[in-house]
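First the structure, in the form of structure tokens, and then the observations on it.
The values are calculated or read from the model by the stated rules, or taken from the named source; none is laboratory data. All of these numbers come straight from a predicted model, not from anything done at the bench. Heads up, the Cβs are rebuilt from the backbone with ideal geometry, glycines too, and the neighbour counts pull from every protein chain shown. The protein model used for the area step is the full one, side chains on, heavy atoms only, and it has no ligands, DNA or RNA in it. Shrake-Rupley method; radii C 1.70, N 1.55, O 1.52, S 1.80 Å.
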Amino acid sequence: MIIAQRKPLEEIKEMVASYEKVLVLGCGTCVAVCFAGGEKEAKLLASELRMARQMEGKSTQIIDHTIQRQCEWEFIDPIKELVASVDAVVSTACGIGVQGMAERFEDKPIFPGVNTTFLGMPVQPGEFVERCQACGDCILDLTGGVCPVARCAKSLMNGPCGGSQNGKCEVNPETPCAWQLIYDRLAKLGQLERMMEIMPAKNWSTSRDGGLRKIIREDLKL
Amino acid sequence: MSGDNGKELVVGSKLERLLKAGHFVVTGELGPPQNADRSVIEKKAGYLRDAVDAVNITDNQTAVVRMCSMAVAKMLIDLGIEPIMQMTCRDRNRIAIQSDLLGAYALGVRNLLCLTGDHQSFGNHPQAKNVHDLDSITLIQMVRQMRDAKKFQCGEEIKGQEPRFFIGGAINPFADPFDFRPFRLAKKVKAGVEFVQSQLIFNVPKFREYMKRCGDLGLLDKVYILAGVGPIKSLAAARYMATSVPGMDVPQEYIDRMANAVKGIPQEDKKARREAWEREGIKICAEIIQQVKEIPGVAGVHIMAIEWESAVPEIVKEAGLLPRPKLEA
């Protein structure tokens, strides 16, 4: 899922300082599961903003609402009137949701309430870790199901580098070395010979480097 | 073109000729300054000139901004010293690297050391974006392809003079997983590396085991291995390397020797303590050189005394490796 982190209250308060009536709009999918911007977090942020503005003697017209997904028109369109009734929106969706809202409501200021951080999973309660970088050319079949693009600090295709020590990455001693994980996993699968194959220079054109990515599916078009 | 003992020369650099003639080679390392002062290079070059056969020019080592390795390599050529230009994948993509290689060859550089590069979080611009378009192994492949197939990385032909480098890489026998390290060298050999320099060696038995395993894989005839050595400057430096430098293995024995080196010298006499440490550090380094020299497959040593280049002549002398061989131009 997409993992995000709430922005500090001060930063959000500053963004909406000049607006009277503000909607805090939660998103009920990824950011709800990672406890950054779902219904509960949107309510909490709205109430924090109200209190902070009250102490400063400013307008406390902060309302909140949550939709299932801010990344699909079918969920965004039904709140047209609600959005029209406020001066600005703080979206606690990921960057996709914020942009979806901005695109649909052209004349309304939409502010990000979270920092969209990575594609990952909660490995244990309260601990979220990156797993994928959406490079557009998956090689997990070759690396024992462990991604070196996302999980190696240098995205090495032919690791581990000389900084792998006791299974950890030199960049952060708490981070497992991705190539040690790949090595261990391939050993368990009886596929260590894969480590001997040179992976060619990666084609990054399918990644962000190639420009905005787009998929056309004729079979799904109306 | 062939060398002194008939081995074919592909580039003809001094380093290649000495290795192929069977000399026990000594390379050094010069860390460019964090400024634009040419005289720093001239001063450091003075220490290294007659003590080593070729000199590595680091490429913004530990991700700290320094004078660029190509410019410094050219200065060394002008000073009559053979450079080994280092090239990392951290700061340049394949377009920039190939462009630099064309330029470096045109300026007379003939040895290239291909590295992944230290992560920028260790340097003075931790907020920088890193590149890592290639890694050390795909870099080696690219340099080899440019030379032997006269092709750019994309496959397009290089029309006219191709850049021809004697291709080097790095090995770290002390990193993990230890069992994989000889295989990683085998991958570099397969990619086209012709010589490698190792991480600093203090744990000689472990390095000996690594070399044995490389021998078992049949690598010793395929690549020239230079053992990396360097002087410890103080007790604090020994402790720091032992505990805080990833991929470094410093046995307790050397820490004890550095501690004993200043026994009886009062704490206040900082100068005497420093000199005692430096003497012991140089002595240990020379001893390690003599030990690694006896290991089958070690073709030379690479002395890393960054920011202490002045120690190199003494180390080489104490190790019995002077004078350095001369080659006819």
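Could you grab the Rg to Rh ratio for region A:2-118? Cα atoms only, Kirkwood for Rh.
Details: Rg = 12.7 Å, Rh = 13.6 Å.
Value, to two decimals: 0.93.
Taking amide hydrogens as modeled 1.01 Å from N in the peptide plane, which residues meet the under 5 Å criterion relative to B:D53, leaving out close sequence neighbours?
B:V26, B:T27, B:G28
Against the longest principal axis of chain B, how steep is helix B:235-244, in degrees 0 to 90 to the nearest 10, with axes from Cα atoms?
50 degrees
Bin width 5 Å, alpha-carbon pairs only: give the P(r) of region B:252-329 as whole percents, running from 0 to the bin holding the largest distance.
The distribution over region B:252-329 is 3, 13, 20, 20, 19, 12, 6, 4, 2, 1, 0, given as percents.
If I ignore ligands, DNA and RNA and count only protein heavy atoms, how much of B:H23 is accessible to a 1.4 Å probe, in Å² to the nearest 10?
Accessible area, nearest 10 Å²: 70 Å².
Taking region A:158-222, which trypsin sites (Lys or Arg not before Pro) meet the DSSP loop condition and have no more than 14 other C-beta atoms within 10 Å? Mind showing how you got there, number by number?
Numbers: sites: A:K168, A:R185, A:K188, A:R194, A:K202, A:R208, A:R213, A:K214, A:R217, A:K221; in loops: A:K202, A:R213, A:K214, A:R217, A:K221.
Here the trypsin sites (Lys or Arg not before Pro) that fit, given the DSSP loop and packing criteria, are A:R213, A:K214, A:R217, A:K221.
Could you tell me the calculated FRET efficiency between B:R279 and B:S244, based on Cβ-Cβ distance and R0 = 22 angstrom, to the nearest 0.05?
Numbers: r = 24 Å, r/R0 = 1.10.
About 0.35, to the nearest 0.05.
What is the local net charge at A:F35, summed over the other residues whose Cβ is closer than 10 Å to its Cβ (Lys, Arg +1; Asp, Glu -1)? Present the calculation step by step, with values, prior to reporting the outcome.
Details: positive: A:R6, A:K40; negative: A:E41.
So the environment of A:F35 carries a net charge of +1.
Based on the Cα coordinates of region A:134-209, what is the per residue volume of their convex hull in Å³?
On the way: hull volume 7.1 nm³, N = 76.
Taking only Cα atoms, region A:134-209 has a hull volume of 93 Å³ per residue.
Are there any trypsin sites (Lys or Arg not before Pro) in region B:174-227 that are in a DSSP loop and have at most 16 other Cβ atoms within 10 Å? List them by number. Could the numbers behind the result be given before it?
On the way: sites: B:R184, B:K187, B:K188, B:K190, B:K206, B:R208, B:K212, B:R213, B:K222; in loops: B:K222.
When the trypsin sites (Lys or Arg not before Pro) of region B:174-227 are filtered for loop state and at most 16 Cβ neighbours within 10 Å, B:K222 remain.
For chain B, go through all pairs of different Cα atoms, get the mean of 1/r, take its inverse, and jot down that Kirkwood value in Å. List each step's numbers first, then the result.
Values: mean 1/r = 0.0491 Å⁻¹.
Kirkwood radius, chain B: 20.4 Å.
With a 10 Å cut-off between alpha carbons and a GNM built on chain A, which of A:Q61, A:Q165, A:Q124 moves the most?
Maximum among the listed residues: A:Q124.
With an 8 Å Cα cut-off and a minimum separation of 6 or more residues, compute the relative contact order for region B:147-295 in percent.
On the way: 179 pairs, mean separation 32.4, N = 149.
Computed value for region B:147-295: 22 percent relative contact order.
Which residues of region B:128-144 end up with at least 50 Å² less accessible area in the presence of all protein chains than when their chain stands alone, using a 1.4 Å probe?
Buried by the other chains: B:H132, B:D135.
Taking only C-alpha pairs under 8 Å that are 6+ residues apart, what is the relative contact order of chain B in percent?
Working: 611 pairs, mean separation 60.0, N = 329.
Result for chain B is 18 percent.
Probe radius 1.4 Å, ligands and nucleic acids ignored: give me the carbon and sulfur share of the accessible area of region A:2-118 as a rounded percent. Can you show the working numbers first?
Details: 3100 of 5890 Å².
The C+S portion of the solvent-accessible surface of region A:2-118 is 53 percent.
Local charge sum around A:A150 (other residues, Cβ-Cβ under 14 Å, Lys/Arg +1, Asp/Glu -1)? Working shown, then result.
Numbers: positive: A:R131, A:R151, A:K154, A:K202, A:R208; negative: A:E130, A:D137.
Computed value for this residue: +3.
Based only on Cα atoms, what mean projected area does the convex hull of the protein assembly as shown have, in nm²? Let's see the in-between values first.
Values: hull surface 134.4 nm².
About 33.6 nm², averaged over all directions.
Give me the net charge for the shell around B:L217: Cβ to Cβ below 15 angstrom, other residues only, Lys and Arg +1, Asp and Glu -1. Could the numbers behind the result be given before it?
Working: positive: B:R181, B:R184, B:K187, B:K188, B:K190, B:K212, B:R213, B:K222; negative: A:E193, B:D179, B:E209, B:D216, B:D221.
Here the count lands on +3.
Ignoring any ligand, DNA or RNA, what whole percent of the accessible area of region B:173-329 comes from carbon and sulfur when the probe is 1.4 angstrom?
Working: 3570 of 6990 Å².
Carbon plus sulfur share of accessible area: 51 percent.
Using a loss threshold of 30 Å², tell me which positions in region B:171-194 are less accessible in the complex than in their chain alone. Probe radius 1.4 Å, ligands and nucleic acids ignored.
Listed by number, the residues meeting the 30 Å² cut-off are B:D176, B:P177, B:F180, B:R181, B:R184, B:K187, B:K190.
Any aspartates and glutamates with Cα under 14 Å of the B:K326 Cα? List them, leaving off those in the same chain fewer than 8 positions away.
In chain and number order, the partners are B:D4, B:E16, B:D50, B:D53, B:E82.
Could you order B:D216, B:D179 by accessible surface area, starting with the largest, using a probe radius of 1.4 Å?
B:D216, B:D179
Please report Rg (one decimal) and Dmax (integer) in Å for the Cα set of chain A.
21.6, 68
Placing +1 on the Cβ of each Lys and Arg and -1 on the Cβ of each Asp and Glu in the protein assembly as shown, which of A:G162, A:V89, A:G38 has its Cα farthest towards the positive end of the resulting dipole?
A:G162
For region A:152-208, which whole percent of the accessible surface, found with a 1.4 angstrom probe, sits on carbon and sulfur atoms?
On the way: 1430 of 2720 Å².
Percent of accessible area from carbon and sulfur atoms in region A:152-208: 53.
Given the Cα-Cα distance of A:M196 and A:K43 and 0.36 nm per residue of separation, how much length would full extension add, in nm?
49.7 nm
For region B:1-125, report the translational diffusion coefficient in µm²/s to the nearest whole number, using Stokes-Einstein at 37 °C, 0.692 mPa s, and a Kirkwood Rh over Cα pairs. Each step should come with its number before you reach the end.
Values: Rh = 15.2 Å.
Once the numbers are plugged in, D ends up at 215 µm²/s.
List the lysines whose alpha-carbon lies under 25 Å from that of A:K40, not counting same-chain residues fewer than 8 positions away?
A:K7, A:K13, A:K21, A:K58, A:K80, A:K108
Can you list residues whose amide H is under 5 Å from B:I171's amide H, if they're 5+ apart or on another chain and H is modeled 1.01 Å from N?
Counting only residues 5 or more places away or on other chains, the set is B:Q197, B:S198, B:Q199.
Tell me the relative contact order for region B:272-329 as a rounded percent, counting alpha carbon contacts under 8 Å between residues six or more apart. All intermediate terms of the calculation are to be shown ahead of the outcome.
Numbers: 22 pairs, mean separation 21.5, N = 58.
Across region B:272-329, relative contact order equals 37 percent.
Taking the alpha-carbon distance from A:K154 and a cut-off under 14 Å, which aspartates and glutamates remain once sequence neighbours fewer than 8 residues away in the same chain are dropped?
A:E170, B:D91, B:D118, B:D133, B:D135
Short version: which residues of region A:187-222 lose at least 30 Å² of accessible area, all chains versus chain alone, 1.4 Å probe?
So the qualifying set is A:M195, A:M196, A:I198, A:A201, A:W204.
Quote the total accessible area buried by chains B and A together, excluding ligands, DNA and RNA, probe 1.4 Å, nearest 100 Å².
Numbers: alone 14950 and 13370 Å², together 25870 Å².
Buried area (both sides, nearest 100 Å²): 2400 Å².
In Å², what does the accessible area per residue of region A:2-118 work out to with a 1.4 Å probe?
Working: 5890 Å² over 117 residues.
On a per-residue basis, 50 Å².
Under 10 Å, Cα contacts only: if you run a Gaussian network model on chain B, which one of B:V223, B:V131, B:V196 comes out with the highest mean-square fluctuation?
B:V131
Return the single residue from B:N124, B:N111, B:N93 with maximal mean-square fluctuation; model: Gaussian network over chain B, springs between Cα atoms under 10 Å.
With Cα springs under 10 Å in chain B, the top fluctuation among B:N124, B:N111, B:N93 is at B:N124.
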